Every structure is written in structure tokens, then in C-alpha cells.
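Engineer: Pasting a structure here, questions to come.
The values are calculated or read from the model by the stated rules, or taken from the named source; none is laboratory data. Everything numeric here is computed off the predicted structure, so don't read it as measured data. Cβ coordinates were reconstructed from backbone atoms using ideal geometry, including for glycine residues, and neighbour counts include every protein chain displayed.
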Amino acid sequence: MTLVNMTQSESRPWTWRLQVRSLVPLVALDFSIIASQLSDNRIGWATILFLVLVSVGWLSISFDARPRVAIVAGPLLLSGAGIGLAAVTAPGVAITFPAVACFSTSARNPLRWSVPFTVAVAAALAGTQAAAHHGTTLILVSPAVCIAALLVGLIRRQNNALAEETRLARENEARSAALDERARIAREIHDVLAHSLAALTVQLETADALLETGRTQQAQQSIHTANQLAREGLAETRRAISALRGDTLPLPDLLANLAAAYHTDFDAPATTQIDGQPYDLTPDTHLALYRTAQEAVTNVRKHAPGAAVAFTLAYRPRTITLTITNDPPPPGTPRSLTDTGGGYGLTGLRERAELAGGTFTAGPATKPGGPEGPAGAGWRVEVQIPS
């Protein structure tokens, strides 16, 4: 990349207020030089020409948005005219203009450009002072001022780069947070629909099987239940939105509602046990536990309808654990019901638990006192999350 091709993204544009303020020292310096010349009655055309040139260079650096002008032409014009002023008049005041050019160059360009530029300007300024016999002090001070301006410009450039990095980091953080929130909303909508449709499918398949066997009254009951599930699905969608907003029922109440709905549908035992003193949970923990309970009930409805279900929620000082167990399916359970997919899926529940910093396990659980073999096996789901 050449000096001319440096883009504006590498330099932070000044605000309008700073641009206007930058005119104050320019006007002060110009008037200082003019006043000193008028007092001696020796102002010449060379002085006027160089003052015009330094003013144009200064304004180009401060106001011109074109990289070629602001980054290259402006500093070159300002430093050259300033060196010319140092040769014809006010050598002490004229040092300021090359110094400003060095500052602007180092603040807007990398070291490989600003350092050679500053060295060249400092050498030319010192040589001009020496040729004009302005004294040893000015000859030594002139390059020192240019080098100091270079260092100040480098600090300005580093501060601008740091501010830009901070801004980009904040934008990336905000973008990441927005993507996470979108993923969370998408997951909630997907899970709610999967849960509702899975339960609805179970009832419709049951109704279809009952109609094939001529049990019309029982089929109507299944259709009625399916209608109720559709309404509950809509309500669940609204609850999911409320949960995303942080406005939802306490977890024990939600578990009790799940147990009551299951008991009503199958006239089967469904109990809820709370161990420990309930306390507030984070939204992610609350949702992970509730979705686990919903999926467990959905699986029981599909694979073991009518089996006894037990919810156990244990509040501990450092963890909260939810355990859902169900007995083996009752004898004569229709096998077609076990073929229905849907729900949140064990993988999705495990991901939820891990996102909340917890663990998830699911597997067969032998019912105490039950028969040997698969027929005596129920199912056990457990999720444990730090509180």
C-alpha cells in the first residue's frame, strides 16, 4: 500500500467542531508573523506568499476529505511553506508549521511513511536555519520539535486505532448477542411446535385406530383431546414468549400443571414432589428444566400412555435437580403410538442443559419389585444445573 492509497479508515476524521478549532492557532500564527513584519516595516511578497501557502496546507489537512490531498499534498505544502517562512522571517514561529505537518503525517500514516517524512523535514528545517545564520539554538531546536510532533502523532494514531478496535469489539459483541437471542427464540418456537404437534399426533393416531375398530365414542374423545392439545399448544407458545421476556410461572407450578394434564388425559397417577426451599432461577435454567419435564411427559404419552409418572424437583444450595420417572407401559398399550416422532429430542435437551452449565441423563429405570427384563423397565430422565 502506498502513501497515496491510504484510506480514510486508517485515520479518524475530525469532527466539525475540532476542524473549526484548528483554525484558531493558524490565525494566531499568521497574525503573529504579520505583526512582527509590520512593526519592522519590512513585510515582503515572499512572506505573504509563504503565509498563503501554509494556510492552504493547514486547511487541506484539517478540512479536505480526499486522502491524496489531506495525507500527502497538505503536509508537503505545509512543511515546505513553513521552511520557506523560517528562511525569510520569524524563524522561531515558523517552526510550528513543519511540526504540524509531521504530526499530521504520523497520526494518519504508518511508521514507514511518517518517519522518513519527519527526518526529511527536520533535516531541511535545520539546514535552512543554519543557512540563514539563525543561531545554534534554533538549529538544534527545529529538528527536536519535529521529532516531538512525530511522537505525539504516533500516540494519537495508536489511541485512534485502540478506539476503533474497541468500537469493532462492541459491534461484534452486540452482533453476537443478537444472533444468540435469535437462536434462542428459534429454539423456543421449534420446541413448542414440536411438543404440541407430537402430542396432537398421538391423539389423532389413537382416534384413527379407534375408528378402525368401530369404537366411535372413544375416537370422539381422542379428537376432543386433540382439539384441547391444539389450544394448549397456542397457550404454550404464548408462555414461551413470556418466558423469553422473563415473565413466567414458578417452576413447581408448571410441573404441577403438567402432572395434572397427564392425569386428566389418562386417569393415571402423576405426582410432583418438591425437595428443599424453592428459590429464583435464571431464565435459561428455568427453561431447560421445564422443557425437560415437557419432553419427558411427551415421551410417556407416546411410548407408555397410562403409566404412572413422578416429578421430583430438588433445590440444593449449589444445584437444582429435576428427575422424571415413569413406570413400564400398562399391558395392552397400542404399539402404533410408540412410532410417533416429535418432541424436543434428547439431544436438544442435553444441549439445553449444557448451555445452562448442567448435565442431562436419560435411560431405563427398573421399577422396584417389577418383573425381570424389558417389560419391567420404566424410564428415568434427570437434569442437574448449577443454581
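Engineer: Quick one: what pairs do we get from the stretch 86-111, first residue basic (Lys, Arg), second modelled with pLDDT under 85 and not in a helix (DSSP H, G or I), C-beta under 8 Å, 6+ apart or different chains?
Structural biologist: Hits for this filter: 108/6; 108/11.
Engineer: Got a sec? Which of 160, 172 is in a helix (DSSP H, G or I) and either within 13 Å of the chain's Cα centre (by Cα) or loosely packed, with under 13 Cβ neighbours inside 10 Å (or both)?
Structural biologist: Being in a helix (DSSP H, G or I) and either within 13 Å of the chain's Cα centre (by Cα) or loosely packed, with under 13 Cβ neighbours inside 10 Å (or both) holds for just one of 160, 172, which is 172.
Engineer: Does residue 46 satisfy the criteria of being modelled with pLDDT under 75, part of a helix (DSSP H, G or I) and buried (at least 18 other Cβ atoms within 10 Å of the Cβ)?
Structural biologist: Against the criterion (modelled with pLDDT under 75, part of a helix (DSSP H, G or I) and buried (at least 18 other Cβ atoms within 10 Å of the Cβ)), residue 46 does not qualify.
Engineer: Between a first residue in the stretch 199-225 that is outside the structural domain of residue 293 (by TED's automatic domain parsing) and part of a helix (DSSP H, G or I) and a second residue that is of a type in the set (Lys, Arg) and buried (at least 17 other Cβ atoms within 10 Å of the Cβ), which pairs have beta carbons less than 8 Å apart while being 6 or more apart in sequence or on different chains?
Structural biologist: Matching pairs, first to second residue: 199/301; 202/301; 202/302.
Engineer: Quick one: how many residues across the stretch 251-269 are among the aromatic types (Phe, Trp, Tyr) and within 14 Å of residue 322 (Cα to Cα)?
Structural biologist: 0
Engineer: Then there is this: Residue 133 passes all but one of (1) part of a helix (DSSP H, G or I); (2) over 26 Å from residue 158 (Cβ atoms); which number fails?
Structural biologist: Single failed check for residue 133: (1).
Engineer: Check 163, 126, 174 and return the single one that is without any contact (Cβ under 8 Å) to a residue 24 or more places away in the chain and within 30 Å of residue 100 (Cα to Cα).
Structural biologist: 126
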